[in-house]
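The values are calculated or read from the model by the stated rules, or taken from the named source; none is laboratory data. All values derive from a computational prediction rather than experimental measurement. No Cβ is skipped: glycine too gets one built from the backbone with ideal geometry, and neighbour counts run over all protein chains shown.
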Amino acid sequence: MNEKQLRLATWNIHMGIGLDGKRNLQRTAQVILQIQPDLIGLQEVDNHIDQNGNDLQTLNNLTGMEVVAGPTMQRTTGDYGNALLTRLPVLKVERYDISVNKKREPRGLLIVHLAWHGERLQVAVTHLGLRAGERRAQVRQLIDCLSAADRAPLILMGDFNEWLFWGRPRRWLQRHFQRIDSPATFPSRWPLFSLDHIFAEPSDRLREKRVVKTGLARQASDHLPLTAVYHRPPGLP
């Protein structure tokens, strides 16, 4: 692992179901291994649990990365929600319910405290609602939760589901994290919309945002993965 920079990624894996309609976690893991991230936030993680284990354990086995679960709902087959895969040591985990309407899909915010060569990082993973009113309330909750002085240095990643360039959630996030310059990631076959984002505080530590456009990535989900590089500032050992 590079001591001066971290390779980040965020990806809505669509429950491991690809454009061919097949659920294939090995394919999901293959894309992650292609990316070679130090940290990757996942959304729409459908964690099936049975007597042989669960899908998060499978991702751990296939990628070699520690998996931190951020479930938002229980299903008959297991749980469902967000997750963080990391190569850094985990110090602490926080999970918040940011749902705003019991009739809508539950939404959550996963915050994982990590150790990186003497520096403590906080990495947040989320997936916001489909309706504009949901997203407005959820972004306010996010900013309130992540604005505390002891949150920095901070990385926020996820599927924000904000289609409108002029939408209030996007403007509020931009006001807090500075300019949003994420490339389009959805739909995976012909990406037109910038739904997936990686933010950082301080913002100047985040660079080189790119979309993974390999054939395997296009086939594995309806979203493409988004990557970025997070830099250690000059002066830190």
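Yes or no, residue by residue, for (1) over 19 Å from the mean Cα position of the chain (by Cα); (2) surrounded by 17 or more Cβ atoms within 10 Å (Cβ to Cβ); (3) not small (Gly, Ala, Ser):
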position: Lys22; (1), (2), (3): yes, no, yes
position: Gln36; (1), (2), (3): no, no, yes
position: Ile49; (1), (2), (3): yes, no, yes
position: Met65; (1), (2), (3): no, yes, yes
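Considering only residues of the range 184-208 that are within 14 Å of Ile35 (Cβ to Cβ) and either buried (at least 16 other Cβ atoms within 10 Å of the Cβ) or of a type in the set (Phe, Trp, Tyr) (or both), which is farthest from the chain's Cα centre (by Cα)?
In this case the residue turns out to be Thr185.
For residues that are over 20 Å from Pro225 (Cα atoms) and small (Gly, Ala, Ser), scanning just the range 148-183, find the one that is surrounded by the fewest Cβ atoms within 10 Å (Cβ to Cβ).
So the residue we want is Ala149.
Looking at (1) farther than 29 Å from Arg23 by Cα; (2) surrounded by fewer than 20 Cβ atoms within 10 Å (Cβ to Cβ); (3) β-branched (Val, Ile, Thr), which is the one condition that is false for Thr76?
Answer for Thr76: the failing condition is (1).
Could you check Gly108 against (1) in contact with a Gly (Cβ under 9 Å, 6 or more places away or on another chain); (2) surrounded by fewer than 18 Cβ atoms within 10 Å (Cβ to Cβ); (3) among the small types (Gly, Ala, Ser) and say which number it fails?
Status for Gly108: all satisfied but (2).
Out of the range 223-237, which residues are surrounded by fewer than 23 Cβ atoms within 10 Å (Cβ to Cβ) and in a loop (DSSP other than H, G, I, E, B)?
Arg232, Pro233, Pro234, Gly235, Leu236, Pro237, listed by residue number.
Look at Arg151 and say whether it is free of Cβ contacts under 8 Å to residues at least 40 places away in the same chain and basic (Lys, Arg). Break it down into steps so the answer makes sense when it comes.
Values: free of Cβ contacts under 8 Å to residues at least 40 places away in the same chain: no; basic (Lys, Arg): yes.
Against the criterion (free of Cβ contacts under 8 Å to residues at least 40 places away in the same chain and basic (Lys, Arg)), Arg151 does not qualify.
Can you pull out every residue in the range 1-46 that is more than 23 Å from Leu110 (Cα to Cα) and either among the β-branched types (Val, Ile, Thr) or touching a strand residue (DSSP E or B) at 6+ places or on another chain (Cβ under 6 Å) (or both)?
In the first step, residues of the range 1-46 are kept if they are more than 23 Å from Leu110 (Cα to Cα); the result is 1-4, 18-24, 26-27, 30, 34.
Answer for the range 1-46, where residues must be more than 23 Å from Leu110 (Cα to Cα) and either among the β-branched types (Val, Ile, Thr) or touching a strand residue (DSSP E or B) at 6+ places or on another chain (Cβ under 6 Å) (or both): just Arg23.
Which of the strands (runs of 3 or more DSSP E) contained wholly in the range 3-108 include at least 2 residues that are at pLDDT below 95?
Numbers: elements: 5-12, 39-50, 66-75, 78-86, 90-97.
Because the criterion is at least 2 residues that are at pLDDT below 95, the strands (runs of 3 or more DSSP E) in the range 3-108 that meet it are 39-50, 66-75, 78-86.
Which of the numbered conditions does Thr76 fail, given that it passes all the others? Conditions: (1) out of contact with any helix residue (DSSP H, G or I) (no Cβ under 9 Å at 6 or more places or on another chain); (2) touching a residue at least 24 places away in the same chain (Cβ under 8 Å).
(2)
Filter the range 176-219 down to the residues that are in contact (Cβ under 8 Å) with a residue 24 or more places away in the chain, touching a Phe, Trp or Tyr at 6+ places or on another chain (Cβ under 9 Å) and of a type in the set (A, V, I, L, M, F, W, C) and list them by number.
Phe177, Ala184, Phe186, Phe193, Leu195, Ile198, Phe199, Ala200, Leu206, Val212, Ala217
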